[in-house]
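The values are calculated or read from the model by the stated rules, or taken from the named source; none is laboratory data. Here the structure is a predicted model, which is why all the values come from computation and not from measurement. Here the Cβ positions follow ideal geometry from the backbone for every residue, glycine too, while neighbour counts run over all protein chains shown.
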Amino acid sequence: MYVTGTMHNRGRMIVGSYLTKHMLKHWRIGQAWFEHCLIDWDPAANAMGWQWVAGSGPDAAPYFRVFNPETQAAKFDADAACIHHFVAELAPEPGPEARVLRRLPRSWGLSPDAPYPKPLVGLPEGRARARAAYKNRA
C-alpha cells in the first residue's frame, strides 16, 4: 500500500481485522492511515469498510468474526503470488515492488535485506484476546 498507493479489498479486510481484533485498536486509526496512504481512498467507503471489519458499522460483519491472515492467504493467494510480489523477505526472488523502499520514511529503518519481523501479536493469542474482549462486553 505504501509503495503503490493501492490495496486489494481482501487485503484491506485482513489488515482491518488484524488491527481492530488482534491489536485491539480503534478502527479510526486504520481509517486515518488508509486516507494517508491510498490514492483510491474514498471517505464513505473507507469509513464504512473499517466499521464493517471492526464489527461496529450499521451493516457490519459479526463483531466476533476474526480473520486469520494465514487462512485468508491460503484461500485467496494459494500460490503466494501476491505475497512474493510485495514482500521481499518472503519471496525467493523479490521483484521490483518488493524491493522498493524509497517512498518509506527513513526513520522506519527498513531494508529489503532485513529478516522478516516477528508478529506484534501471534494469531492464536490475538484471536483469544479479541474473543475475550468481546465476551467481556456482553
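Could you run through region 84-132 and say how many residues are surrounded by 12 or more Cβ atoms within 10 Å (Cβ to Cβ) and over 20 Å from the mean Cα position of the chain (by Cα)? Residues in region 84-132 being surrounded by 12 or more Cβ atoms within 10 Å (Cβ to Cβ) and over 20 Å from the mean Cα position of the chain (by Cα): 2 in total. When we screen 79, 40 for residues that are within 18 Å of residue 12 (Cβ to Cβ) and of a type in the set (Asp, Glu), the only hit is 40.
A Cβ distance below 8 Å, combined with a sequence gap of six or more or placement on separate chains, defines the contacts here; from region 111-128, residues that are touching a residue at least 60 places away in the same chain (Cβ under 8 Å) reach residues that are of a type outside the set (A, V, I, L, M) and outside any helix (DSSP H, G or I) in the pairs 123/68; 127/68.
Within region 65-84, identify whether any single residue is under 24 Å from residue 129 (Cα atoms) and small (Gly, Ala, Ser), and answer yes or no. Yes, there is a match, as at least one residue in region 65-84 is under 24 Å from residue 129 (Cα atoms) and small (Gly, Ala, Ser). For beta carbons closer than 8 Å, sequence separation of 6+ or different chains, a first residue in region 46-61 that is over 13 Å from residue 18 (Cα atoms) and a second that is of a type in the set (Asp, Glu) and assigned to a helix (DSSP H, G or I), the qualifying pairs are 46/35. Applying the criterion of being surrounded by 14 or more Cβ atoms within 10 Å (Cβ to Cβ) and among the polar types (S, T, N, Q) to the residues of region 59-83, the residue that is nearest to residue 127 (Cα to Cα) is 68.
Of the listed requirements (1) part of a helix (DSSP H, G or I); (2) of a type in the set (Gly, Ala, Ser); (3) at pLDDT 85 or above, residue 56 misses just one: (1). When the helices (runs of 4 or more DSSP H) confined to region 68-138 are screened for residues that are in contact with a Leu (Cβ under 9 Å, 6 or more places away or on another chain) and farther than 17 Å from residue 3 by Cβ, those reaching at least 1 such residues are found at 69-76, 123-137.
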